[in-house]
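Let me give you the structure first, and then I'll get to my questions.
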Amino acid sequence: MEQKQDKLIVCPCCGSDACYESEFTTKDGNLKTWLCMTCGFTTNTTMTEDSDALKQTLELTAELIKDLRQDHQGLAWFPTAITMPEKGMIFPEPQTWGKRETDTETGETKETEYQDWGWTVVKAVDIPEEEQSKYPDPRNPGTFYKKRMDMKGKKRFLKLEFMDAAEELGMFEKWETSTKKYGPQIGSGGEYNDPNPSSSTK
Ligand SMILES: [Zn+2]
């Protein structure tokens, strides 16, 4: 697989001009992928209506991600979910936000809450050596995880702050290599698809 030059296009989902278009040459021909750094939506040229790729994605994907689907020029777009075992995860999640409103008649300020989806960042943290025996790696019997996802230390970002969420995770230190290695990914369920299942019970 060979990657050609990336370029930035206007995102059909949110209208920002920070949508990365990458083109790959594979043995089956050309593949284009898109990932918007503002809204975090992603797609690729296989995600056409009625395609197997789209069917598979719909089978593996959490309801929230499916509900947020947008269709543009015949391609289905979904919010991405990124898992980097050494760094952490970013995934969309329903969240509760606070809003301060001032009553125009009484001048009274009150706090209200509203629900919307947003980005959650969970960082990978080191497991102390003496505790690693509690975290066996099911895919490699006899070996143990050295990192776990810190589910208690969630950081939240608004839905158009994907860039900040990615920065929080340190995705840009090796952005080039990490996109080649890990994604953009569609169809991961984020928290529902925890790569280190033992982490959430501790
Ligand atoms: Zn966008």
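Among all residue pairs at least 6 apart or on different chains, which show Cβ distances below 8 Å where the first residue, located in segment 11-30, is closer than 20 Å to Ala76 by Cβ and the second is near the ligand (Cβ under 7 Å from one of its atoms) and not hydrophobic (A, V, I, L, M, F, W, C)?
Qualifying pairs under 8 Å: Cys11/Thr38; Cys14/Thr38; Ser16/Thr38; Cys19/Thr38.
Might you let me know whether segment 42-50 holds any residue that is closer than 16 Å to Ala166 by Cβ and either among the aromatic types (Phe, Trp, Tyr) or modelled with pLDDT of 95 or more (or both)? It would help to see each step written out before you state the result.
Here is the first cut: in segment 42-50, the residues closer than 16 Å to Ala166 by Cβ are 42.
Next, from what is left, pick out any that are either among the aromatic types (Phe, Trp, Tyr) or modelled with pLDDT of 95 or more (or both): 42.
Yes, segment 42-50 contains at least one residue that is closer than 16 Å to Ala166 by Cβ and either among the aromatic types (Phe, Trp, Tyr) or modelled with pLDDT of 95 or more (or both).
Sticking with this one: Can you say whether Leu64 is surrounded by 13 or more Cβ atoms within 10 Å (Cβ to Cβ), hydrophobic (A, V, I, L, M, F, W, C), over 23 Å from Ala165 (Cβ atoms) and more than 16 Å from the ligand (Cβ to nearest atom), as far as the supplied structure shows? Walk me through how you get there before you give the answer.
Details: surrounded by 13 or more Cβ atoms within 10 Å (Cβ to Cβ): yes; hydrophobic (A, V, I, L, M, F, W, C): yes; over 23 Å from Ala165 (Cβ atoms): no; more than 16 Å from the ligand (Cβ to nearest atom): yes.
For Leu64, the condition - surrounded by 13 or more Cβ atoms within 10 Å (Cβ to Cβ), hydrophobic (A, V, I, L, M, F, W, C), over 23 Å from Ala165 (Cβ atoms) and more than 16 Å from the ligand (Cβ to nearest atom) - is not met.
What single numbered condition from (1) within 16 Å of the ligand (Cβ to nearest atom); (2) farther than 28 Å from Arg156 by Cβ; (3) in contact with a helix residue (DSSP H, G or I) (Cβ under 7 Å, 6 or more places away or on another chain) fails to hold for Leu75?
(3)
Right, something else. Scanning for something touching a Leu at 6+ places or on another chain (Cβ under 8 Å), away from the ligand (no atom under 16 Å from the Cβ), under 29 Å from Pro94 (Cα atoms) and not basic (Lys, Arg), does segment 26-45 turn up at least one residue?
Yes.
The values are calculated or read from the model by the stated rules, or taken from the named source; none is laboratory data. All figures in this text were calculated on a predicted structure; none of them were measured in a lab. Virtual Cβ from ideal backbone geometry, glycine too; neighbours counted across all protein chains shown.
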